[in-house]
Amino acid sequence: MKIAFVGKGGSGKTTLSSLFVRHLAATGAPVLAIDADINQHLGAALGLGEAEAAVLPAMGEQLPLIKNYLRGANPRIASAETMIKTTPPGDGSRLVLVREPNPIYDACARPVELDGGAVRLMVTGPFTDADLGVACYHSKTGAVELFLNHLVDGRDEYVVVDMTAGSDSFASGMFTRFDITFLIAEPTRKGVSVYRQYKEYARDFGVVLQVVGNKVQGEDDLDFLRAEVGDDLLVAFGHSDWVRAMEKGRPPRFEFLEDANRRALRKLRVAADATYEMRDWERYTRQMVHFHLKNAEAWGDERTGADLAAQVDPGFVLGEGVAAPA
């Protein structure tokens, strides 16, 4: 299952995505965690020290390797240089699986030990001084989008992505790459403003959107969220001494997380698991192609000097039954 955590800056999306990763790992589920926020905080939220988090390999710096591997023997893609963030897979492309070893994981993923298990962590990489004035952060997150376009995940496998803040996810088609999107909202007008934007933008793309209240202090806060988001409100998190200790760098064992917050995490998993039966790989592939053609026309053809529409394999549908070439 591919799961996105979104919300405005400061809403707590990184904290809650890290709690969800810990919850899944504690059950023994295979988990791939991806920090797609240009402000790289997921590693620290998962317990890495500052020095450890600083040396995580950046996906954005491994784009040539990622492109060359995913291109495989696809005859529609003349070279890795003609691949852009939206390039879809086709016959001959290499696909990636959650549990397998492959060169992308070797270069970009690192294991993080958590209570009861380990997860793979991948990060886009931070925005550096060298990027100032010459690049935008979408050049970093494009590596994540390309990776997700070639990812085949199955039941009881989890890919948890901490997304960019606000509605910036709509600068590409990455918002359609998920089985479910958890939007973290505080019980304030600003807190629900991103929800309204996300709901409007995603309306025509079949995005499964659930709101997760955070920093909720009582029934008044819950009533406010219910009035603003209605049935999209799935669950709410309140104060957590465990999270406070984690943010100080001294997290207790995960089993000591408050019961109410543990129950809330279980609700997130139930909601995510329920979307498996709703999967529509044909629509998923069609949306991928839609955004690729838009990007090709807007800037891709000019930048690469190639007709990127020709990369689309009209007979290809991504899915669990598609074998990944060796």
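Report for the chain the percent antiparallel among DSSP-assigned beta bridges with both residues inside it, nearest 5. For the chain, the DSSP antiparallel bridge percentage is about 15.
Taking 0.36 nm per intervening residue step and subtracting the Cα-Cα distance, what contour gain separates E258 from D307 on full extension? The partial results should precede the final answer.
Numbers: separation 49, 0.36 × 49 = 17.64 nm, distance 5.47 nm.
Gain in length upon complete extension: 12.2 nm.
In terms of distances greater than 31 angstrom between alpha carbons, the cross-link table entries K199/K248; K85/K267; K13/K67; K67/K215; K8/K248; K215/K294 yield K199/K248; K85/K267; K67/K215; K215/K294. Karplus-based coupling profile of region 27-41, in residue order and whole Hz: 8, x, 6, x, 9, 10, 9, 10, 8, 9, 8, 5, 8, 7, 10, with θ = phi - 60° in 6.51 cos²θ - 1.76 cosθ + 1.60 and x standing for Gly or Pro. Need one word for the chain: rounded, prolate or oblate. Basis is the Cα gyration tensor (sqrt eigenvalues a ≥ b ≥ c); a/c below 1.5 gives rounded, then a/b vs b/c decides. Prolate, since a/c reaches 1.5 and a/b exceeds b/c.
For region 301-311, 3J(HN,Hα) computed residue by residue from phi via the Karplus equation (6.51, -1.76, 1.60; θ = phi - 60°) reads 4, 5, 5, 8, x, 10, 8, 6, 4, 6, 6 Hz, glycine and proline entered as x. Distance from the Cα centroid of region 182-233 to that of region 91-119 is 32 Å (rounded to whole angstrom).
Extension gain for the segment V322 to E113, taken as residue separation times 0.36 nm less the Cα-Cα distance, is 72.1 nm to one decimal. Take the chain with all the other protein chains still there, run a 1.4 Å probe, and you get 44 Å² of accessible area per residue. The Cβ shell under 13 Å around A29 holds other residues with a net charge of +2, Lys and Arg each +1, Asp and Glu each -1.
Region 78-120 gives an Rg/Rh value of 1.10, both radii derived from C-alpha positions and Rh following Kirkwood.
Over all other residues within a Cβ to Cβ distance under 14 Å of R155, the charged ones net out to -3, with Lys and Arg as +1 and Asp and Glu as -1.
Assign one of three labels to region 145-214, namely rounded, prolate or oblate, based on the Cα gyration tensor with a ≥ b ≥ c the square roots of its eigenvalues; rounded applies when a/c is under 1.5, prolate when it is not and a/b is larger than b/c, and oblate otherwise.
Because a/c hits 1.5 or more and a/b exceeds b/c, region 145-214 counts as prolate.
Can you pull the percent of the chain's accessible area that's carbon plus sulfur, 1.4 Å probe, other chains left in place? Within the chain, the accessible surface is 50 percent carbon and sulfur.
Mind ordering 13-25, 288-300, 142-154 by average Cβ neighbours within 10 Å, highest first? Working shown, then result.
Working: 13-25: 25.2, 288-300: 17.8, 142-154: 21.8.
In decreasing order of mean packing, 13-25, 288-300, 142-154 become 13-25, 142-154, 288-300.
The values are calculated or read from the model by the stated rules, or taken from the named source; none is laboratory data. Values in this document were obtained by computation on a predicted structure and should not be read as measured data. Reconstructed Cβ throughout: ideal geometry from the backbone, glycine too, with neighbour counts over all protein chains shown. In case anyone asks, the SASA skips ligands and DNA or RNA and just uses the protein heavy atoms, side chains included. Shrake-Rupley method; radii C 1.70, N 1.55, O 1.52, S 1.80 Å.
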